[in-house]
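Undergrad: Would you mind keeping the following structure in view while I ask a few things?
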Amino acid sequence: MKFALKITDWQARAPGLSEAAQWREWSQNLDAIDPALPQAKLTALPMMTARRLSSGSRLAVECGITLLRQHQVEAVVFTSRHGELERNFRILQALATGQDLSPTDFAMSVHNSAVGNLTIAAQQPIVSSSLSAGLDTFQQGLCEVICFLQAGYQRVLMVDFDGALPAFYHPGLHPDMPTWAYAVALVFEAGEDLQCTSEAAICEGEPRLPQSVQFLQHYLREEREFMIPGERLNWHWSRA
């Protein structure tokens with residue numbers, strides 16, 4: 001597989017990281033992300049909407065709505081490896097203990113609830129898509145972005161995110177798997193600035209950072225070439 005893209009703008013949030021300067025400093029120092037650090041205060045997302053969203057969805061919609069206010073976006077792609085796992089865990093807990101289900105948890109438990117809340121909060125009926133593809137969720141989301149661009153959409157917003165994974169699941173996870181909430185939002189246009197090719201590979205472990213955070217790290221370091229590992233493919237990136 002081979003494709004090329006141009007990044008117009010970006011936003012990202014993770015524990016202790018929200019401002020562009022913070023992310024650039026982090027990318028240069030190659031520091032780990034400390035899950036004990038607090039998330040920055042939300043500034044764009046309406047409070048009533050924020051209260052209804054899970055931790056990852058809040059960050060995703062916050063980043064998304066910020067970029068929608070700054071750019072004429074024609075389509076949106078949301079990607080999340082684990083989706084609404086926090087909310088679905090609460091539903092399973094309620095069922096297992098014979099408690100009543102929360103109507104909000106039930107209504108917001110589907111994978112596309114985050115992108116739906118973005119379009120509602122932004123009051124923009126934008127074409128949208130939501131997908132999950134395991135370890136390769138971010139990279140497969142970029143394939144979806146390419147489809148939108150090839151279909152004639154001029155500017156596409158993509159937001160990759162996940163919420164805090166419930167402690168119940170931690171014993172069954174790879175010790176390197178990130179369990180903290182984050183969101184990385186990117187505005188794409190057609191172009192040749194960044195080129196990507198894939199090659200078959202076997203995953204040898206769980207990366208310490210999600211694919212989108214790895215990508216942002218390399219991008220902010222302005223590296224000429226870098227590689228993002230996947231489950232069955234390695235994704236090689238280069239700058240024009």
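The values are calculated or read from the model by the stated rules, or taken from the named source; none is laboratory data. Just so you know, these numbers come straight off a predicted model, no measurement behind them. Counting neighbours? That spans all protein chains shown, and the Cβs are built from the backbone with ideal geometry, glycine included. With ligands, DNA and RNA removed, areas are computed over all heavy atoms of the protein, side chains included. Shrake-Rupley method; radii C 1.70, N 1.55, O 1.52, S 1.80 Å.
Undergrad: Quick one: count up the residues across segment 199-225 that are open to solvent by less than 30 Å² (accessible area, probe 1.4 Å) and assigned to a strand (DSSP E or B).
TA: 0
Undergrad: If you don't mind, there's one more thing I want to ask. Return the only residue of 87, 81 being under 24 Å from residue 211 (Cα atoms), touching a strand residue (DSSP E or B) at 6+ places or on another chain (Cβ under 8 Å) and of a type outside the set (A, V, I, L, M, F, W, C).
TA: Among 87, 81, only 81 is under 24 Å from residue 211 (Cα atoms), touching a strand residue (DSSP E or B) at 6+ places or on another chain (Cβ under 8 Å) and of a type outside the set (A, V, I, L, M, F, W, C).
Undergrad: Can you work out which of the residues in segment 10-26 that are open to solvent by 40 Å² or more (accessible area, probe 1.4 Å) and in contact (Cβ under 8 Å) with a residue 12 or more places away in the chain is farthest from the chain's Cα centre (by Cα)?
TA: Across segment 10-26, the extreme among qualifying residues is 24.
Undergrad: Which of the helices (runs of 4 or more DSSP H) found entirely inside segment 75-159 contain at least 3 residues meeting this: in contact (Cβ under 8 Å) with a residue 24 or more places away in the chain, touching a Pro at 6+ places or on another chain (Cβ under 8 Å) and open to solvent by 20 Å² or more (accessible area, probe 1.4 Å)?
TA: 85-97
Undergrad: Let me ask another. Would it be correct to say that residue 158 is within 12 Å of the chain's Cα centre (by Cα) and aliphatic (A, V, I, L, M)?
TA: Against the criterion (within 12 Å of the chain's Cα centre (by Cα) and aliphatic (A, V, I, L, M)), residue 158 qualifies.
Undergrad: With the structure loaded, tell me whether residue 73 is out of contact with any Asp or Glu (no Cβ under 7 Å at 6 or more places or on another chain) and among the hydrophobic types (A, V, I, L, M, F, W, C) or whether it fails that test.
TA: yes
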